[in-house]
Structures are given as structure tokens and as C-alpha cells.
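Student: Mind looking over this structure? Questions follow.
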Amino acid sequence: QVQVVESGGGLVQPGDSLRLSCVASGRTFSSLAMGWFRQAPGKEREFVATIRMSTGNTYYADSVKGRFTISRDNAKNTVFLQMNSLKPEDTAVYYCAARYGLATGIRNEYDYWGQGTQVTVSS
């Protein structure tokens, strides 16, 4: 069983930066792939970024490439999502998720989910 807890959301202005954190419990952290997803009001939850903990391999949604960076700290069982040049369309609840195995952008492949953290980008 894996538990994940996100933090770091907030209200920022367009062009600002924000860093989200996700702490995962469990002894087999290195076996996990961790992903970030987001869900805006009235829309489906969509893939943002993912990282495989053992190799550091990363994948991004086209909409965030070049602006967002996912990284990890294996010693602290923590994954980060650095979000730069934020836009109003980035406004959403951001969820951290975990799965055993390869990193993937497919939402249904993730077994463990956090409660989400709100990110609002508005002037």
C-alpha cells in the first residue's frame, strides 16, 4: 500500500512560478513511477508529467513542456513539480499519483492517488 500527499498549491498571477510537492509512503519507493495529473472544473482529469523513481526518466504533456519540470528526491520519498510561466489555463486541482512499474501518462494505470491541491492562476 502506498499513500501520497500533495502540498504547495495556491493563488498566483500569470507568469509566476509555483512548486508542488508529493510525499509517498512505503518501503519500495524506488519501484514506483509517480505522476502529476490535473483537473479543471467541468473537465476530465488529464496527465501533466511523470517520473520513474529508479531511473529518473520523465515524460510531459505537450501543454506543459518547457514550462513544468518534474523531479525527485529518493532520500525523502518526494516528487516535485516545478511550474514556471503559469497561465490561467493551468488553473486546476493537481493530483499526485503512484504506481509500481514504468512511468506512463495513462490515468487508469495509477493505483494510488492523493487528495489534490488547488492551483489558481489569475490576475
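Student: Which of the strands (runs of 3 or more DSSP E) contained wholly in the stretch 53-123 include at least 1 residues that are modelled with pLDDT of 95 or more, open to solvent by less than 80 Å² (accessible area, probe 1.4 Å) and of a type outside the set (Val, Ile, Thr)?
Tutor: Hits in the stretch 53-123: 58-60, 68-73, 78-83, 92-100.
Student: On to the next question. Does residue 11 satisfy being in contact (Cβ under 8 Å) with a residue 40 or more places away in the chain and closer than 17 Å to residue 110 by Cβ?
Tutor: no
The values are calculated or read from the model by the stated rules, or taken from the named source; none is laboratory data. Note that this is a predicted model, so its numbers are computed, not measured. For neighbour counting, all protein chains shown are included, and Cβ atoms are generated from backbone atoms with ideal geometry for every residue, glycine included. Protein only, heavy atoms only, side chains kept; ligands, DNA and RNA dropped before computing areas. Shrake-Rupley method; radii C 1.70, N 1.55, O 1.52, S 1.80 Å.
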